[in-house]
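Just so you know, all these numbers are worked out from the coordinates, no wet-lab data involved. From a predicted model like this one, the values you see are computed outputs, not experimental measurements. Using ideal geometry, Cβ is built from the backbone for each residue, glycine included, and neighbour counts are taken over all protein chains shown.
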Amino acid sequence: MDEIAAASARIIFPIIMIVGLAVSLHGHLSPGGGFAGGAVMATGFLLVFLTMRKGVVREIFIEKRLSFMESFGGFVILMIIVLGASYRAKVVGTQHLFSLWSGEYSILMNLACSLMVVTAITLILWRYVE
């Protein structure tokens, strides 16, 4: 690809990741959440796929690693559900209204969901680009 496009992608990629993380973290207070944040982060990976050379991208992103991350995100969601149901009485008593941690354990659910979504969409985009 063009050197200017690759250089600008290196600059824009971290900004896209930070915005996606912010959307995931604040999903219980504003529109967004795990799916929306994961979709934003996946567009950052699409930008990398389209601007970098295939050899470089292939070294960084291996399908087995992405599949593992997707499965890990699902496992984390399952563990949060089980632990949240078990320790709900202790968790609810520590919450403060209108603060970042006011959503009980939904922040952790949003992060795990965004991990699953970003890896799933990245795998799909990887197949289309390759």
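Details
- Between Lys54 and Glu130, the contour length at 0.36 nm per residue exceeds the alpha carbon distance by 26.6 nm.
- From phi via Karplus (6.51, -1.76, 1.60), per-residue ³J(HN,Hα) for the stretch 8-14 in Hz, x at Gly/Pro: 5, 5, 5, 7, 6, 4, x
- Taking label points 7 Å from Cα along the Cα-to-Cβ direction, Ala7 and Phe72 give a separation of 3.4 nm.
- Theoretical gain in end-to-end length, Leu83 to Val19 [0.36 nm per residue, Cα-Cα removed]: 20.2 nm
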